[in-house]
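One structure is given here, and the rest of the page talks about it.
The values are calculated or read from the model by the stated rules, or taken from the named source; none is laboratory data. All values derive from a computational prediction rather than experimental measurement. Neighbour counts are summed over all protein chains in view; Cβ atoms, including those assigned to glycine, are modelled from backbone coordinates with ideal geometry.
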Amino acid sequence: MRETLLRAGLFFVLAVFVFGSSLWNFSYADRVGERVEKREAEKELEMTKASEKQPQSAAAVQEKKEEPTRKTKTTGKLNPAEKQKPTDTTADRPKVEKETKGKRIPSGVVYHGPKKKKRVAITFDDGPDSVHTPAILKILRKEEVSATFFVVGRAVQQHPEMTVRIAAEGHVLANHTWNHAYLPALSGKQIDAELDKTQRAVKRLTGREMALMRPPYGAVKGKEKRIARKGYRIINWDVDSVDWKHGRSHQQVISSVKAQVKPGSIILLHNGGGDRSATVRALPELIRHLKQKGYRFVAVDELMGVPAYIGN
């Protein structure tokens, strides 16, 4: 009996030892396996990093070199990502030499264009406004006539939509100072300010820098060189419709133009600065009369063969 109990005890101790050893072996194996897997993962990560730091193969480098450089093709069309700007107003005009900043501009005053061809330029001063300017644009569009608008900066500020519309409908914008100022009474710096402020207002709306200007009242004596150094050609007129005079009828406006017009004439009219209803009423008849006489209407830049805008 005693031997039996002793054998049973020894067997139990042996069984516990074997079982414990097995558990320890399994646990140790698991730990070893985990360490091996971790080491392999770390090794793989190191290899990946090393490959990223290595220079590209010759083939890859060559492929990158041969990839064509993307250049923006100048098409005259706007990039959709850019802010919308007005339609190009000079697309259909004859090509003339581009005006550039710093280029020397003649300081003489222009009163008319070449007299060999029956061409005339209708010009409008003192606008834009919200009443007469849209009516005039409608007539010009119907009659398929191009015109030049000498805009006052304050009016541009008050009627930006009309300024943009003038350009978008194919007409030329030109500088008529900010305050409709009498230039002979101003200093050089004051003249600069009048022109610069108007230039900035128009450029902000249209993206264009004007290269033509008209002094208010046609008065520019003694200031021609200063204005030319600013990069402007000075455009006056040889036909005054006298539509600016209070109480003038549309027939009087028409008669004034008929009596003075000749090949190469620059005609003075107004689309702002007061009641221009007589001008609006006279315009269709005036255009038809001149067409019947064989005249063709062009903007001032085309009449003179000079750029309307700097860089265009």
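Output the number of residues of region 170-206 satisfying the condition of being assigned to a strand (DSSP E or B) and under 16 Å from Ile105 (Cβ atoms). Let's see the steps before the verdict.
First pass over region 170-206, keeping only residues assigned to a strand (DSSP E or B): 172-175.
Subset that is under 16 Å from Ile105 (Cβ atoms): 174-175.
So the count comes out to 2.
Going residue by residue through region 179-189, is there one that turns out to be farther than 22 Å from Arg229 by Cα and hydrophobic (A, V, I, L, M, F, W, C)? If you could, list the steps in order and put the result at the bottom.
Filtering region 179-189 down to residues farther than 22 Å from Arg229 by Cα leaves none.
No, that holds for no residue.
Look at Ala278 and say whether it is within 28 Å of Lys142 (Cα to Cα), outside any loop (DSSP other than H, G, I, E, B) and touching a His at 6+ places or on another chain (Cβ under 7 Å).
Numbers: within 28 Å of Lys142 (Cα to Cα): yes; outside any loop (DSSP other than H, G, I, E, B): yes; touching a His at 6+ places or on another chain (Cβ under 7 Å): yes.
For Ala278, the condition - within 28 Å of Lys142 (Cα to Cα), outside any loop (DSSP other than H, G, I, E, B) and touching a His at 6+ places or on another chain (Cβ under 7 Å) - is met.
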field: Hits in region 220-246 - residues which are in contact with a helix residue (DSSP H, G or I) (Cβ under 8 Å, 6 or more places away or on another chain), among the small types (Gly, Ala, Ser) and within 23 Å of Pro114 (Cα to Cα)
entry: Ser241
- prompt: Of the residues Ser187, Ser256, which single one is hydroxyl-bearing (Ser, Thr, Tyr), without any contact (Cβ under 8 Å) to a residue 24 or more places away in the chain and out of contact with any strand residue (DSSP E or B) (no Cβ under 8 Å at 6 or more places or on another chain)?
  reply: Ser187
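With the condition kept exactly as written, say whether any residue in region 156-168 is of a type in the set (Asp, Glu), modelled with pLDDT of 95 or more and over 19 Å from Tyr309 (Cβ atoms). Working first, answer last.
Applying the first criterion (of a type in the set (Asp, Glu)) to region 156-168 yields 161.
From what's left, modelled with pLDDT of 95 or more: 161.
Subsequent filtering for residues that are over 19 Å from Tyr309 (Cβ atoms) retains 161.
Taking every residue of region 156-168 in turn, at least one turns out to be of a type in the set (Asp, Glu), modelled with pLDDT of 95 or more and over 19 Å from Tyr309 (Cβ atoms).
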Considering residues of region 190-206 that are surrounded by 20 or more Cβ atoms within 10 Å (Cβ to Cβ) and of a type in the set (S, T, N, Q) only, the residue farthest from Ile227 (Cα to Cα): Thr206
statement: The number of residues in region 207-227 that are surrounded by 15 or more Cβ atoms within 10 Å (Cβ to Cβ), in contact with a Phe, Trp or Tyr (Cβ under 8 Å, 6 or more places away or on another chain) and part of a helix (DSSP H, G or I) is 2
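Identify, from the list Thr123, Thr198, Thr163, the residue that is closer than 20 Å to Trp237 by Cα, polar (S, T, N, Q), in contact with a strand residue (DSSP E or B) (Cβ under 8 Å, 6 or more places away or on another chain) and in contact (Cβ under 8 Å) with a residue 24 or more places away in the chain. Break it down stepwise before answering.
Values: Thr198 fails: closer than 20 Å to Trp237 by Cα; Thr163 fails: closer than 20 Å to Trp237 by Cα.
Only one candidate qualifies: Thr123.
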query: Can we say Ile235 is within 14 Å of Tyr111 (Cα to Cα) and touching a residue at least 40 places away in the same chain (Cβ under 8 Å)?
result: yes
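Tell me which residues, restricted to region 119-150, are among the polar types (S, T, N, Q) and either in a strand (DSSP E or B) or more than 17 Å from Glu161 (Cα to Cα) (or both). Explain how you work it out, then say what you get.
Let us first name the residues in region 119-150 that are among the polar types (S, T, N, Q), namely 123, 130, 133, 146, 148.
Selection gives Thr123, Ser146, Thr148.
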Residue count, region 275-312 (criterion: among the small types (Gly, Ala, Ser), in contact (Cβ under 8 Å) with a residue 60 or more places away in the chain and out of contact with any strand residue (DSSP E or B) (no Cβ under 6 Å at 6 or more places or on another chain)): 4
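How many residues does region 100-156 hold that are among the aromatic types (Phe, Trp, Tyr) and touching a helix residue (DSSP H, G or I) at 6+ places or on another chain (Cβ under 8 Å)?
The qualifying residues number 2.
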